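The structure appears right after this line, and notes come after that.
The values are calculated or read from the model by the stated rules, or taken from the named source; none is laboratory data. Note that the structure is predicted; figures quoted are calculated from it, not measured. In this analysis, Cβ positions are derived from the backbone assuming ideal geometry, glycine residues included, and neighbour counts consider all displayed protein chains. Surface accessibility is based on the protein's heavy atoms, side chains included, excluding ligands, DNA and RNA. Shrake-Rupley method; radii C 1.70, N 1.55, O 1.52, S 1.80 Å.
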Amino acid sequence: MDYEHNSWIWEGVNYYPRVFGGLMVTAALLGLSTSYFGGIGVPYLSLPCSWSNLGIFHKKKSGKRRIRVYMDGCFDLMHYGHANALRQAKALGDELVVGLVSDEEIVDNKGPPVLSMSERLALVSGLKWVDEVITDAPYAITEKFLDRLFHEYKIDYVIHGDDPCLLPDGTDAYAAAKKAGRYKQIKRTEGVSSTDIVGRILSSLRNKKSCEDHNGSEVKPQEENPSQASHIAQFLPTSRRIVQFSNGKGPGPNARIVYIDGAFDLFHAGHVEILKKARELGDFLLVGIHSDETVSEHRGNHYPIMHLHERSLSVLASRYVDEVIIGSPWEITKDMITTFNISLVVHGTIAEKSLNCELDPYEVPKSMGIFRLLESPKDITTASVAQRIMANHEAYVKRNAKKTRSEQRYYEEKKYVSGD
């Protein structure tokens with residue numbers, strides 16, 4: 001899992017390693033395959049959320065008061081690393097309360113945020129592990145705010161990753177929580193950060209501009225996306241991670257299965273809202289996520305910003321999503337509709353334009369009378385998010401450099417203190 005020390009879950013792993021190992025192998029091989037995947041016959045196989053029935057994890061349900069944990073952050077350019085951090089935090093308690101740092105505090109401590117408070121709120125509250133959100137949380141947890149967390153919100157522990165979170169003066173933002181003995185730490189998800197994503201976007205759009213400047217004369221249409229190659233090097237997906245993010249449940253015998261597809265690149269508030277709307281139309285939401293090659297073919301070589309497995313985890317983390325097809329086809333066929341027992345195919349009114357418009361990918365479901373166009377609640381798109389960053393290019397370059405310098409200073413001081 002993710003080295004989530006201090007969690008009672010891992011006591012079960014220590015005492016029952018063979019049982020736990022067998023469950024993980026079974027889950028990895030069968031848990032993501034449901035009855036509609038070809039008749040394996042495990043439509044109701046349940047993953048970690050129901051393992052308490054085995055008697056291994058009864059410690060958490062011993063009748064004691066529910067443990068409430070708190071984790072805060074900016075959650076700007078929400079990505080699977082954020083989601084994984086909140087998943088780990090939730091595992092350390094029963095209820096997860098998330099503090100969303102205000103726009104003003106982000107500007108003062110890090111630089112301008114890419115997403116507004118309302119957009120960040122939609123993303124955080126849309127995650128399956130989040131129970132409650134506190135808006136306008138402070139960037140630094142002061143003793144005054146800590147007292148409010150303990151008494152007003154009944155928080156037992158403050159959670160943060162093992163990466164540094166420093167104030168402009170170089171001090172630890174979580175010093176007060178550590179001093180109070182109410183701090184717990186989780187493992188940071190390597191290979192992704194908001195700073196990294198800003199860098200990807202700037203690099204990708206610079207490459208696009210360079211291609212446009214050549215007027216297409218010396219640019220091969222199918223050459224490798226430079227940013228895409230770096231994604232693969234930074235993030236290596238595993239079946240375990242997919243299991244951790246998955247609901248592990250298939251649709252019921254007579255479930256109304258709704259299907260929606262897309263790139264879901266730079267997962268944003270618009271994605272959250274359209275998924276919520278789609279889920280309300282049925283009992284089970286199946287989401288098709290297009291491959292990197294398909295996205296590049298239809299959106300241009302500078303897309304996607306996030307590669308297939310990164311995008312898949314972001315979608316799986318949504319509380320509105322039941323299952324995903326990783327690398328779904330552009331065109332929805334009759335065979336696909338039959339195989340997955342799809343009752344309704346939907347698509348939002350706000351979407352990125354395709355470079356290849358000769359084929360309607362929804363022709364088959366339209367002819368079957370099972371297609372519906374949904375009014376998109378928000379007009380935000382992946383391209384519009386990227387353009388915000390390009391429009392404030394200098395500010396974000398400075399923001400990235402500022403964070404890099406502060407982290408380097410932190411690790412140098414830590415190394416000096418430890419005597420290494």
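The figures follow:
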read-out: Residues located in the range 155-177, provided they are more than 27 Å from R311 (Cβ to Cβ) and exposed (fewer than 15 other Cβ atoms within 10 Å of the Cβ); value: L167, P168, D169, G170, T171
read-out: Residues (assigned to a loop (DSSP other than H, G, I, E, B) and either under 23 Å from the mean Cα position of the chain (by Cα) or among the acidic types (D, E) (or both)) located in the range 297-329; value: H302, Y303, P304, I305, M306, H307, A317, R319, Y320, V321, D322, P329
read-out: Lone qualifier among I332, I260, I305 - being open to solvent by less than 10 Å² (accessible area, probe 1.4 Å), β-branched (V, I, T) and modelled with pLDDT under 95; value: I305
read-out: Residue match in the range 355-365 (condition: open to solvent by 50 Å² or more (accessible area, probe 1.4 Å) and part of a helix (DSSP H, G or I)); value: yes
read-out: The range 308-327, subset touching a Phe, Trp or Tyr at 6+ places or on another chain (Cβ under 9 Å) and among the hydroxyl-bearing types (S, T, Y), residue surrounded by the most Cβ atoms within 10 Å (Cβ to Cβ); value: S314
read-out: Any chance A278 is assigned to a loop (DSSP other than H, G, I, E, B) and at pLDDT 95 or above; value: no
read-out: Residue in the range 83-136 that is surrounded by the fewest Cβ atoms within 10 Å (Cβ to Cβ), counting only those that are of a type in the set (S, T, N, Q) and closer than 19 Å to K184 by Cα; value: N84
read-out: Failed criterion for G282 (all others in (1) touching a His at 6+ places or on another chain (Cβ under 6 Å); (2) under 19 Å from F371 (Cα atoms) hold); value: (1)
read-out: Inter-residue pairs, beta-carbon under 6 Å, first on the phi > 0 side of the Ramachandran plot and in the range 266-284, second part of a helix (DSSP H, G or I), 6+ apart; value: L266/T382; L266/V385
